[in-house]
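K.L.:
Got a structure here, written out as structure tokens. Questions coming.
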Amino acid sequence: MTSHTRGALALVAVLALPACASAAESDPGTTSTAAEDAAFPRTVQHAMGETEIAQRPERVVVLDTGELDSALSLGVTPVGAVTTDVSSGFLSYLAEGAADVERVGTIGEPNLEAIAALEPDLILSNKVRHQELYDELSQIAPTVFAERVGAVWKENVALAAEALGREDEAQAALDEYETAAADLGEAIGEPSGTTVSAVRFVEGAIRVYTPESFIGTVLADIGLDQLELPTAEVPTFAELSAEELTRADAEIVLYSSYGEARDSGEAAVLGGPLWPRLGAVRDGRALAVEDDVFYTGIGLTAATLILEDLGDRLG
């Protein structure tokens, strides 16, 4: 685990200390306090309607990266979680916190039998990934879905916190994040005068992310000016071919791969003729970043780690 990861997890752990009076986050056999239990039963409104949660959840299953980040950020260790479709392990920056979490398939193919076998008392996911599975999941346990993913990550943290009974901890942590982002903007000095391009190599395509994405919201919170290109099917990113690479140029380029660089197309592009032509490359401001943190995590701990990383490099 890197020092950045330890720092971010320490931040959210401190902010979640009141919630940790119940060790049930990691030990489902431990009971929570009477004050905590008093917040239940409760009915949570979410993307698929409303769900009644009878008692404070102690056996939680999460089915997307953002929900895993949210749970761990709030001091709750799920009993089960999925991995991405390109990895057999949990996200690198959450791996230590999720060491005892059972894998229940991938985001694309959750294993319903494995989920049911864990006897969860809450399932967290979102409509984007698993709308078609909602009825089956809700027969296993109370299930709460966020409407979307990405730019709405703060709302999703709040929704997960409501389902988990961790609202105060979530608000405190989000306030701390907002303050840290503003402080980084001040440390950079006139951040709005610095153009940043958030580039990700995915299955041979080049994605340039917009302010309507997770990374886009973090860059906006810092106050950086983001390169914006016309989008097609989804508002979160524009997709370029290797021949269009120069359109992704900016004063700072943050780039990574979803999966291995040889499979994502990154290796071919970085070894090709257009990469050295980018101004950010010539100026030494094309920065390789960790994909799990900058693009895949989509949560509070990931956002905090982004601030720490960019603070070291830009602040």
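We did not get these values from a lab; they are worked out from the coordinates using the rules stated. Just so it is clear, the structure is predicted and the values come from calculations on it, not from any experiment. For neighbour counting, all protein chains shown are included, and Cβ atoms are generated from backbone atoms with ideal geometry for every residue, glycine included.
K.L.:
Give the percent of DSSP beta bridges with both residues in the chain that are antiparallel, rounded to the nearest 5.
P.N.:
Of those bridges, close to 40 percent are antiparallel.
K.L.:
Could you tell me the calculated FRET efficiency between Leu229 and Glu251, based on Cβ-Cβ distance and R0 = 22 angstrom, to the nearest 0.05? Please list the in-between numbers first.
P.N.:
On the way: r = 16 Å, r/R0 = 0.71.
Once rounded, the FRET efficiency stands at 0.90.
K.L.:
Report, in deg cm²/dmol and to the nearest 500, the calculated mean residue ellipticity at 222 nm for the chain, where each DSSP H run with n ≥ 4 adds -39500 (n - 2.57) and the sum is divided by the residue count. It would help to have the intermediate numbers written out before the result.
P.N.:
Details: 13 runs with 114 residues, N = 315.
-10000 deg cm²/dmol, from helical runs alone.
K.L.:
Still on this structure: Could you identify which residue out of Gly216, Gly271, Gly185 has the top mean-square fluctuation in a GNM of the chain using Cα springs shorter than 10 Å?
P.N.:
Ranking Gly216, Gly271, Gly185 by mean-square fluctuation puts Gly271 first.
K.L.:
Moving to a separate point now. Are there any helices in the chain, counted as whole DSSP H runs, that stretch 30 Å or more along their axis by Cα and score at least 0.0 on average by Kyte-Doolittle, and if so which?
P.N.:
Details: long enough: 167-188 (32 Å, -0.42).
None clear 30 Å together with a mean of 0.0.
K.L.:
Now, a different point. Which one of Ile298, Ile252, Ile123 has the biggest mean-square fluctuation once the chain is modelled by GNM with Cα springs under 10 Å?
P.N.:
In this elastic network of the chain, the residue with the biggest mean-square fluctuation among Ile298, Ile252, Ile123 is Ile252.
K.L.:
Quick one: putting +1 on the C-beta of Lys and Arg, -1 on the C-beta of Asp and Glu, what dipole do you get for the chain around its Cα centre, in Debye to the nearest 20? Could you put the intermediate results ahead of the total?
P.N.:
Working: 18 positive and 54 negative charges, 110 e Å.
Dipole size: approximately 520 debye.
K.L.:
Another question, then. Along the charge dipole of region 192-315, which of Ala267, Thr210, Ala220 sits closest to the positive end, that is, farthest toward it, with unit charges on the beta carbon of Lys, Arg, Asp and Glu (+1, +1, -1, -1)?
P.N.:
Ranked along the dipole, the leading option is Ala267.
K.L.:
Please name whichever of Thr83, Val157, Val281 sits farthest to the positive end of the charge dipole of the chain, dipole taken about the Cα centre and charges placed at Cβ: Lys and Arg +1, Asp and Glu -1.
P.N.:
Most positive-ward Cα: Val281.
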